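A.B. asks: First, the structure itself, so that you have it in front of you.
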Amino acid sequence: MPNQVRTDLHHIDETSFPYVFEQNATVQLKSSDGLVRCNLYRPKGSGSENRVPVLVTYGPYGKDTYYGDFHAKSFSEVNPEHKSAHSAWETPDPGFWTSHGYAVVRADERGIGQSMGRLDTMSRGTSEAFFEVVEWCADQSWSSGKVGLLGISYYAGSQWRVAARRPKGLAAMIPWEGMSDYYRDRCRHGGILSNNFIKFWWNRQVVANQYGRPRDEPIITIKDIAGEGPKRPPAAPESLEGNLSAEERAQNRQDQTIDNRKYRFRDEEYYASKEYDLGDIEVPLLSVGNWGGILLHLRGNIEGYVHAGSERKWLRMITGRHDLPFYYKEEVDIQLSFLDAFLKGEDRVGWTTGHVPPVDLVLRKGDVGFNKPEAEKTFPRRTENEWPIARTQWTKWYLTADMGLTPDVHAAQAASKRRRKLTYRALGTLEDPRFIQFSTEPFQEETEITGNIVAHLCVSASPETRGPTPSDIDLFITLRHISPQEKEVFYTGTAGDPVPLTKGWLRVSLRKVATHHRKHRPYLPWREYLSTDVSPVVVGEVYDVDVEIWPTCVVLEPGARLVLEVASGDTQGSGVFKHEDPVDRSPSKFQGLNHICFGPQETNYIVLPVIPRETTP
């Protein structure tokens, strides 16, 4: 750490912008060593005689980093109403929000940018520091004492954790596409390490911004994380107290690429220290999830809504890329009305009086293409009173050995009178996919599928000639939508890439389901992922497993089909979120042949949440 902490860095500019700009205001931390520095953007005229509510973000991408430099292509597509001199990636734009009577506080996370301390993203320690920042915002002379949380992705995921700590002044939160479960949503899907995104994110977007990093140090040194996308621009300012050596910085951070490979279970200190109780959240909550976020945030937004303790809470589902809809006029109008209601006491639409339904869904109906914002805006919307939808008809569709998918249990049983196996090789990759697909017949009438999905499979493993004896199986499940024209319908993924309906995963050695747990539901098998839960796979044994598949929404046209894909690795739609760590998916444990088993004692099926047709627009 630098020998001298500077106290002369706080600057106030009241004339250069349509708002008051304060740079490098300092929050001296009590919960840990270090400090947090913030940029403040306040309406002109705000002060002790004109106090205003505060929107605060706390994250790792650099409070001084201009959006247009961080990701130029994305910024070029943002709604022009949300472009100002201090626009920043995934955060509320100061120009817009100050013009509507809010102060915006943007903090460098501890260990990032101008904030001293240990860099340990998503940890208990950094959440405690965020807690102090929220309380600091509530106590400022220009603050009304009401603080709101608003931001995308990381700036949403961090909201769940700090809100559960109940800081003084926190009055409302809008986690916009933000995972709520570090282990299940982000790091280990079904117990399988999602290493590629962690590597991309950590090296390109986080460690590049670490406190003390020289500007001229190369940002990208790993070939497979190069290319277009968010990154620290060379113009981002260096730490004003001076640079630190590479060795000093390495000692002062908790490296996610190392820790997530090293630790595998939720009862290990690394993961256990990041846990918290969603039920501790009390403030009004608007959770905004994206049907296309099938590999990072989607599950967390829905589960966050379900389990948050808030009496006033809403779930809103959207489509599109993760970076742009946050700034759409129609979505900003909802953000503004929600925050005005709970931070200003100005309720124009009925948030506080029960006039806003708890659940607002966008229904993916028809093939409008992917990464086409205007076309996606034509999807219809429908409100509901709960999640999952109370009138859901949980319907089993049975896999057959001839690769069919049928709701006819008798036909499935008749086809399974003798034992059969469908075989595919283990350790598939996106470049070398290994899978089996099961297809429905064309649907005869319009059918809506909206909700959580679970697959029940009977699986086994056997060795290849001259290969090792496998002791585990990784299951990668994908649900695909085939149009009446026999073309797969793709939807917009997180980065604008084409994605299928949804995906799910399971490491079979972690198949144990905690049926006693209060979060266990028939449509969502709950796993604790503890070190004591491990049950190795033995060659020759057949294992019945229930695989959690992330929620989805689709309205199938007559003539459309569903395809269920069972694979041994990533397949189309995985994008940057690949599971390919050679240690986590070691050939010594996984190499071999995987089987789906059929027979009088082996029944394979998927449970789909069918919504009765008369309610479909």
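The values are calculated or read from the model by the stated rules, or taken from the named source; none is laboratory data. These figures come from a predicted structure and were not determined experimentally. Cβ atoms come from the backbone with ideal geometry, glycine included; neighbour counts cover every protein chain shown.
A.B. asks: Does the range 504-515 contain at least one residue that is among the β-branched types (V, I, T) and assigned to a loop (DSSP other than H, G, I, E, B)? Give the derivation first.
C.D. replies: From the range 504-515, those among the β-branched types (V, I, T) are 508, 513, 515; that's our starting set.
Add one more test, that the residue is assigned to a loop (DSSP other than H, G, I, E, B), and what stays is 513, 515.
Scanning the range 504-515, I find at least one residue that is among the β-branched types (V, I, T) and assigned to a loop (DSSP other than H, G, I, E, B), so the answer is yes.
Yes/no per residue for (1) assigned to a loop (DSSP other than H, G, I, E, B); (2) in contact with a helix residue (DSSP H, G or I) (Cβ under 7 Å, 6 or more places away or on another chain); (3) free of Cβ contacts under 8 Å to residues at least 12 places away in the same chain:
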| residue | (1), (2), (3) |
| --- | --- |
| L9 | yes, no, no |
| D64 | yes, no, no |
| S74 | no, no, no |
| E81 | no, yes, no |
| S84 | yes, yes, no |
| T91 | yes, yes, no |
| G95 | no, no, no |
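A.B. asks: Shifting gears a bit: Check A495 against each of (1) among the aliphatic types (A, V, I, L, M); (2) touching a helix residue (DSSP H, G or I) at 6+ places or on another chain (Cβ under 9 Å); (3) outside any strand (DSSP E or B) and name the one condition it does not meet.
C.D. replies: Checking A495 against (1) among the aliphatic types (A, V, I, L, M); (2) touching a helix residue (DSSP H, G or I) at 6+ places or on another chain (Cβ under 9 Å); (3) outside any strand (DSSP E or B), the one that fails is (2).
A.B. asks: Can I ask one more? Restrict the check to the range 563-582 and report whether at least one residue is surrounded by fewer than 17 Cβ atoms within 10 Å (Cβ to Cβ), out of contact with any Lys or Arg (no Cβ under 8 Å at 6 or more places or on another chain) and over 30 Å from P230 (Cα atoms).
C.D. replies: no
A.B. asks: Working only within the range 428-442, note down all residues that are under 25 Å from the mean Cα position of the chain (by Cα) and either hydrophobic (A, V, I, L, M, F, W, C) or not assigned by TED's automatic domain parsing to the domain that holds E580 (or both). Quick ask: steps written out before the conclusion?
C.D. replies: Taking the range 428-442 as the starting set, the residues that turn out to be under 25 Å from the mean Cα position of the chain (by Cα) are 428-431, 433.
Residue satisfying the conditions is L430 alone.
A.B. asks: Name the residue that is farthest from R249 (Cα to Cα), counting only residues in the range 85-114 that are polar (S, T, N, Q) and touching a Ser or Thr at 6+ places or on another chain (Cβ under 9 Å). Quick ask: steps written out before the conclusion?
C.D. replies: Restricting attention to the range 85-114, the residues satisfying the condition of being polar (S, T, N, Q) are 87, 91, 98-99, 114.
Still in the list and also touching a Ser or Thr at 6+ places or on another chain (Cβ under 9 Å): 91, 98, 114.
Working: T91: 27, T98: 36, Q114: 14 Å.
It comes out as T98.
A.B. asks: Just checking: which of the helices (runs of 4 or more DSSP H) contained wholly in the range 260-372 hold 3 or more residues that are within 29 Å of E548 (Cβ to Cβ) and free of Cβ contacts under 8 Å to residues at least 24 places away in the same chain? Lay out the reasoning, then the answer.
C.D. replies: On the way: elements: 269-272, 298-307, 329-339.
Counting at least 3 such residues, we get 269-272.
A.B. asks: Out of everything in the range 427-467 that is part of a loop (DSSP other than H, G, I, E, B) and charged (D, E, K, R), what residue ends up being surrounded by the most Cβ atoms within 10 Å (Cβ to Cβ)?
C.D. replies: Restricting attention to the range 427-467, the residues satisfying the condition of being part of a loop (DSSP other than H, G, I, E, B) are 427-434, 440-446, 463-467.
Next, only the ones that are charged (D, E, K, R) stay: 431-432, 434, 441, 445-446, 464, 466.
Values: E431: 9, D432: 10, R434: 17, E441: 12, E445: 9, E446: 13, E464: 12, R466: 5.
Step by step, filter the range 427-467, then rank; the result is R434.
A.B. asks: When the residues of the range 24-75 are narrowed to those that are among the aliphatic types (A, V, I, L, M) and touching a Ser or Thr at 6+ places or on another chain (Cβ under 7 Å), which ends up surrounded by the fewest Cβ atoms within 10 Å (Cβ to Cβ)?
C.D. replies: The selected residue is L35.
Here is a yes/no grid of residues against (1) assigned to a strand (DSSP E or B); (2) acidic (D, E); (3) touching a residue at least 60 places away in the same chain (Cβ under 8 Å); (4) within 24 Å of D402 (Cβ to Cβ):
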{"site": "S535", "(1), (2), (3), (4)": "no, no, no, no"}
{"site": "V538", "(1), (2), (3), (4)": "no, no, yes, no"}
{"site": "P551", "(1), (2), (3), (4)": "yes, no, yes, no"}
{"site": "V554", "(1), (2), (3), (4)": "yes, no, yes, no"}
{"site": "Q572", "(1), (2), (3), (4)": "no, no, yes, yes"}
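A.B. asks: Could you please tell me which pairs satisfy a Cβ distance under 6 Å, a separation of 6+ or placement on different chains, a first residue in the range 591-604 that is assigned by TED's automatic domain parsing to the domain that holds L399, and a second residue that is assigned to a loop (DSSP other than H, G, I, E, B) and hydrophobic (A, V, I, L, M, F, W, C)?
C.D. replies: Close Cβ pairs satisfying both conditions: Q591/A426; Q591/L427; G592/A426; N594/A426; N594/I473; C597/V542; F598/A401.
A.B. asks: Still on this structure, please answer the following. Name, by its number, the condition in (1) among the small types (G, A, S); (2) crowded, with 20+ Cβ neighbours inside 10 Å; (3) within 22 Å of P284 (Cβ to Cβ) that does not hold for G145.
C.D. replies: (2)
A.B. asks: What number goes with the only condition from (1) under 23 Å from R110 (Cβ atoms); (2) crowded, with 24+ Cβ neighbours inside 10 Å; (3) among the β-branched types (V, I, T) that V288 does not pass?
C.D. replies: (1)
A.B. asks: A further question on this structure: Across the range 17-46, what is the total count of residues that are free of Cβ contacts under 8 Å to residues at least 24 places away in the same chain and over 34 Å from the mean Cα position of the chain (by Cα)?
C.D. replies: Looking only at that region, the number is 1.
A.B. asks: Further question: Pull up the range 402-419, narrow it to residues that are surrounded by 15 or more Cβ atoms within 10 Å (Cβ to Cβ) and at pLDDT 95 or above, then point me to the one that is farthest from E580 (Cα to Cα).
C.D. replies: So in the range 402-419, the residues surrounded by 15 or more Cβ atoms within 10 Å (Cβ to Cβ) come out as 404-407, 412, 415-416.
Restricting the remaining residues to those that are at pLDDT 95 or above gives 404-407.
On the way: G404: 29, L405: 29, T406: 33, P407: 35 Å.
Result: P407.
A.B. asks: Quick check on the range 468-479: of everything there that is part of a loop (DSSP other than H, G, I, E, B) and among the polar types (S, T, N, Q), which residue is surrounded by the most Cβ atoms within 10 Å (Cβ to Cβ)? Step through it out loud before you land on a result.
C.D. replies: Step one: filter the range 468-479 for residues part of a loop (DSSP other than H, G, I, E, B), giving 468-473.
When the remaining residues are screened for being among the polar types (S, T, N, Q), the result is 469, 471.
On the way: T469: 14, S471: 17.
Once the filter is applied, the top-ranked residue is S471.
A.B. asks: Would you please list the contacts, defined by Cβ atoms under 8 Å and residues six or more apart or on different chains, that run from a residue in the range 373-401 that is under 30 Å from R420 (Cβ atoms) to a residue that is charged (D, E, K, R)?
C.D. replies: Every condition considered, the pairs that remain are Y398/D408; A401/R420.
A.B. asks: Which pairs have Cβ atoms under 9 Å, sit 6 or more apart or on different chains, and link a residue in the range 99-122 that is under 30 Å from G345 (Cα atoms) to one that is part of a loop (DSSP other than H, G, I, E, B) and aliphatic (A, V, I, L, M)?
C.D. replies: R106/A88
A.B. asks: Could you check how many residues of the range 453-501 are more than 18 Å from K372 (Cβ to Cβ), touching a Pro at 6+ places or on another chain (Cβ under 8 Å) and charged (D, E, K, R)?
C.D. replies: Matching residues across the range 453-501 total 2.
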